[in-house]
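I'd like to ask you about the structure that follows.
Each value in this text was obtained by applying a stated rule to the coordinates, not by laboratory testing. Quick caveat, the model's predicted, so the values are computed rather than measured. Cβ: placed from backbone, ideal geometry, glycine included. Neighbour counts: every protein chain shown.
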């Protein structure tokens, strides 16, 4: 079967030129044509000189005078208008070439979110489409200047790399649009937390899918995105339409950090949830940010392993000299008794005992995770 190609001309003729040829053929001058159509001579002259467009009302009048259907003139005008618009868009894209260089384009291609391209102009076209904007100024107005507050309520100006970070957030939006979730229910979210903790403890191969299913039942969308170069976040919470969206990365590729970050973000949803808030650790400190972050940290910490439980564990570990095997067995035993994961305990021990060599061996006992291996696209 032969392939059909649609050729797009790189030029267009204003319908005024066609009109000029037709009047010449009829031996009719512009003044007479103006009288016959009931339009001012200046209007007709502007059309003939390509300075004005043919309106639907004019096209109908032209049909009566020239016997050429109105849709002929309207199609000519539409084709010309589209050509001019696309030519202007090319100029906008041309201005975006330096902007394109600031994004991790090759990484976005590897992840499948943007098609490969060699020329900067092509990359600009694809990147603008990725963000659903027509030029780089529109991107700046959304992500840097907060000109569209209902869409994006923070500025990325003071982040390490606003370009990579905006791409990461855009990926989150795209992934969230693929998830069906019920109406957000705060009580339901509280009710599913023990189930999520059980998923953590079970170490099932499909734990990422189970997290999404649990949270979607409470109206929370959870999406997973591999961390992009120059972005340093574990998770983000924001509202997209009527659903809270928790976007998780595998930045440290550690099981305990992933789960702590997940409950940290869910803590934000429960404690600080409203459509005006977005929680992103890279944002420069603003009023109440530390307070909110500390509250979310405390929420995750207490839910996964309470302070008194951790103190009991440390008391047992330090009550006498222990071998590495004994330390590990004690940790596993407490994890089972307290209904948490051994990595949560190990992570807490390593965090609060950074200078103690005796616990260094626990690093190799931590579970590792990689979204590229866990997620099958």
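How are the C-alpha pair distances of segment 252-377 spread across 10 Å bins, as whole percents from the shortest bin up?
With a bin width of 10 Å, the distribution comes to 11, 37, 31, 17, 4, 0.
Any idea what angle helix 186-202 forms with the longest principal axis of the chain, computed on alpha-carbon atoms, 0 to 90 degrees, nearest 10?
In the chain, helix 186-202 runs at an angle near 60 degrees to the longest axis.
For segment 15-94, would you read off the P(r) tail past 20 Å as a percentage of all alpha carbon pairs? Present the calculation step by step, with values, prior to reporting the outcome.
Working: 965 of 3160 pairs.
Counting pairs separated by more than 20 Å, the tail of P(r) holds 31 percent.
If you don't mind, another one. To test your reading of the geometry: what angle, between 0 and 90 degrees and rounded to tens, separates the Cα axis of helix 255-272 from the longest principal axis of the chain?
The answer is roughly 70 degrees.
Would you mind pulling out the separation of the Cα centroids of segment 130-198 and segment 51-72, in Å?
Comparing the Cα centres of segment 130-198 and segment 51-72, I get a distance of 48 Å.
Report, to one decimal in Å, the Kirkwood hydrodynamic radius for the chain based on all distinct Cα pairs.
Averaging 1/r across every pair of different Cα atoms and inverting gives 25.5 Å.
Given contacts defined as C-alpha pairs under 8 Å and at least six residues apart, what's the relative contact order of the chain, whole-number percent?
Relative contact order of the chain: 11 percent.
Any chance you could run the full-extension gain for residue 365 through residue 129? It's 0.36 nm times the residue separation minus the Cα-Cα distance, nm to one decimal.
Extending this stretch completely gives an extra 80.5 nm.
With an 8 Å Cα cut-off and a minimum separation of 6 or more residues, compute the relative contact order for segment 72-204 in percent.
Working: 72 pairs, mean separation 21.6, N = 133.
Contact order relative to length: 16 percent.
While we're on this one: How high is the relative contact order of segment 8-74, in percent, counting Cα pairs under 8 Å that sit 6 or more residues apart?
Dividing the mean separation by the residue count of segment 8-74 yields 28 percent.
Here's another thing I want to ask about it. May I ask for the angle, rounded to the nearest 10°, between helix 70-95 and the longest principal axis of the chain, with both axes built from Cα atoms and the value confined to 0 to 90°?
Tilt relative to the chain: about 50 degrees.
Continuing with the same structure: Please work out how much length the chain gains when fully extended from residue 203 to residue 242, using 0.36 nm per residue of separation minus the C-alpha to C-alpha distance, in nm with one decimal.
10.9 nm
Over segment 165-211, what lengths in whole Å, largest first, do the semi-axes of the equivalent ellipsoid take, defined as the square roots of 5 times the eigenvalues of the alpha-carbon gyration tensor?
Values for segment 165-211, descending: 24, 17, 10 Å.
Report the gain in length on full extension from residue 177 to residue 351: 0.36 nm times residue separation, minus Cα-Cα distance, nm rounded to one decimal.
59.0 nm
What is the packing order of peptides 237-244, 364-371, taking the mean over residues of other C-beta atoms within 10 Å and listing the highest first?
237-244, 364-371
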